[in-house]
1. At a 1.4 Å probe, what is the % contribution of carbon and sulfur to the accessible area of segment 31-183?
2. Gain in length, Glu136 to Leu236, computed as 0.36 nm per residue apart minus the alpha-carbon separation, to one decimal in nm?
3. Using the Cα centre of segment 152-246 as the reference point, and only Cβ charges (+1 on K/R, -1 on D/E), how large is the resulting charge dipole? Debye, rounded to the nearest 20.
4. How large is the helix-only mean residue ellipticity at 222 nm for the chain, computed as the sum of -39500 (n - 2.57) over DSSP H runs with n ≥ 4, divided by its residue count, in deg cm²/dmol to the nearest 500?
5. Just add up the charged neighbours of Val95: K/R +1, D/E -1, any other residue whose Cβ is under 11 Å from the Cβ of Val95.
6. About its Cα centre, what dipole magnitude does segment 1-100 give when the only charges are +1 on Lys and Arg Cβ and -1 on Asp and Glu Cβ, stated in debye to the nearest 20?
7. Given R₀ = 30 Å, FRET efficiency for Lys82-Arg195 by Cβ-Cβ distance, to 0.05?
8. In whole Å, what are the extents of segment 59-135 along the principal axes defined by its C-alpha atoms, from largest to smallest?
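The values are calculated or read from the model by the stated rules, or taken from the named source; none is laboratory data. Note that this is a predicted model, so its numbers are computed, not measured. No Cβ is skipped: glycine too gets one built from the backbone with ideal geometry, and neighbour counts run over all protein chains shown. Note: areas computed on protein heavy atoms with side chains; ligands, DNA, RNA excluded. Shrake-Rupley method; radii C 1.70, N 1.55, O 1.52, S 1.80 Å.
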Amino acid sequence: MAIDIVAIVGPTATGKTGRAVSLARRINGEIISGDSRQVYRQMDLGTGKDLEEYGEVPYHLIDICDPGDKYNLHRFLADMRKAYADIMERDKMPVLCGGTGMYVETALSGVSLPDVPENPELRQSLSCKTLDELVEILKDYKQLHNTTDVDNCKRAVRAIEIEEYYRNNPDQARNADRKSATPLNSLIIGVDVPRDVRRARISERLERRLDMGMVDEVRRIIESGVNPEDLIYYGLEYKYLTLHVIGELTFDEMKRQLEIAIHQFAKRQMTWFRGMERRGFKINWLPYDLPEDEFNDKIISLM
């Protein structure tokens, strides 16, 4: 089976970007970022863009939105498909690189989410319903594995609206269903880092980025007119750095809480990737400290 795309995955601070760029140079490839926050301009240090690593290697889905915007999976899948088609059209190899597991997994699964228009009549008919009533209505459309996506009335109404659209547009529904979608012929490479090494790398990287001016980066974004609440929404670095900049955390409190949060985030990332394996995606884990040529040779041998 011919490989259509290589994905480089793993938790934060494992050196994914360097590995992906090195591989892209070797196989005439281009990078597609699979990171939910690197899409934002000006948010460089906090998202770990490491743009200096790319050199002459083209990259996609980085710096395509203004800070304060609300990027999401729907937009990512549309942008990713365009980038993927563009790269393939030029006979290059797409290299998807990132730690946002939901983005990477959904893209590789071939799922396509349609633009579901608003349904004013349906919304009006649901406007007086309680959240519990809306959840019960949604259960008539599909089995709910959890209710985290319908934790308020607005989101529940939108979920019902989407399911009603799918009911009336079965072709679109099939494209949005992983069970019937056609997955990409992908080779997934995981950068395997022992837990203690990962923790040390996270702490060292945080120190380095603070020294490079990560606090000033957030201060400049806020001074440019972005609402602090919009930065807090992005979580991790931008949550804690913003809380420090607006005076709600001291520098030491910010640093301590942020470091803990990043360690927890890395653990959640690994949980997602292990879940991907249980859901049928084969991830070929390679040691983080393999020499560059050997790392690339092993990938090429799997293609």
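1. Here carbon and sulfur together make up 47 percent of the probe-accessible area.
2. 32.6 nm
3. Roughly 320 debye, rounded to the nearest 20.
4. Numbers: 13 runs with 159 residues, N = 303.
It comes out at -16500 deg cm²/dmol, rounded to the nearest 500.
5. On the way: positive: Lys16, Arg19, Arg25, Arg26, Lys92; negative: Glu30.
Summing Lys/Arg as +1 and Asp/Glu as -1 gives +4.
6. The dipole magnitude comes to about 240 debye.
7. Calculated transfer efficiency: 0.20.
8. Projected onto the principal axes, the Cα atoms of segment 59-135 cover 53, 26, 21 Å.
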